[in-house]
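The values are calculated or read from the model by the stated rules, or taken from the named source; none is laboratory data. The shown structure was predicted, so the numbers you read here are calculated from the model rather than taken from an experiment. For neighbour counting, all protein chains shown are included, and Cβ atoms are generated from backbone atoms with ideal geometry for every residue, glycine included. Areas reflect the complete protein model, heavy atoms only, side chains present, ligands, DNA and RNA absent. Shrake-Rupley method; radii C 1.70, N 1.55, O 1.52, S 1.80 Å.
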Amino acid sequence: MTSGEAQAQSEPTALVDQQHCMFCHTVDAPFLAPSFQQIAARYHNNPEASVMLEQKLRVGGKAHWGDMSMPLPADRGGPLSQEDAHTLIQWVLSQ
Ligand code: HEC
């Protein structure tokens with residue numbers, strides 16, 4: 001597997017809606033949270049990033065962009081499986 005350039009992927013809309021991602025994020029403009037393009041740029045050269053971010057999306061972690069950390073899945077709309085977290089992170093990192 002190559003870990004370089006992620007190809008553009010289409011938005012997993014059902015998951016994004018169910019987890020209310022766009023309540024705080026947008027693809028290209030920082031809002032309550034960093035934009036998905038900023039996040040993709042930050043982790044562009046980091047092959048470990050997707051595993052770390054999937055974990056963070058599911059179980060949380062310390063805020064390191066600002067003071068606010070992301071709410072856990074239970075507070076966003078329901079439990080998030082590993083597979084769904086993977087789909088979401090692959091999409092975010094392809095922005
Ligand atoms: C209630 C607001 C809110 C919602 C809803 C939300 N986020 Fe976030 N998200 C944030 C904030 C605030 C940060 C910055 C956290 C930090 O400083 O680590 C963040 C950070 C992130 C990061 C980067 C984490 C890091 O460690 O760099 C990713 C990836 C991400 N969000 C994806 C998502 C996805 C995908 C969804 C939907 C499943 C989602 N977010 C829903 C507020 C939100």
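Per residue, the accessible area of the stretch 13-93 comes to 61 Å², computed with a 1.4 Å probe over protein heavy atoms only.
Taking the Cα atoms of the chain, the ratio Rg/Rh between the radius of gyration and the Kirkwood radius comes to 0.92.
Give me the extension gain from Asn46 to Ser69: residue separation times 0.36 nm, minus the current Cα-Cα distance, reported in nm with one decimal.
Details: separation 23, 0.36 × 23 = 8.28 nm, distance 2.09 nm.
My answer for the length gained is 6.2 nm.
The HN-Hα couplings worked out from phi for the stretch 38-43 by the Karplus form 6.51 cos²θ - 1.76 cosθ + 1.60 (θ = phi - 60°) are 5, 5, 4, 5, 4, 9 Hz, whole numbers, x standing for Gly and Pro.
Rolling a 1.4 Å probe over the protein heavy atoms of the chain, with every protein chain left in place, gives an accessible area that is 54 percent carbon and sulfur. For the stretch 11-62, state which trypsin sites (Lys or Arg not before Pro) are in a DSSP loop and have at most 11 other beta carbons lying within 10 Å of their beta carbon. Those satisfying the criteria are Lys62.
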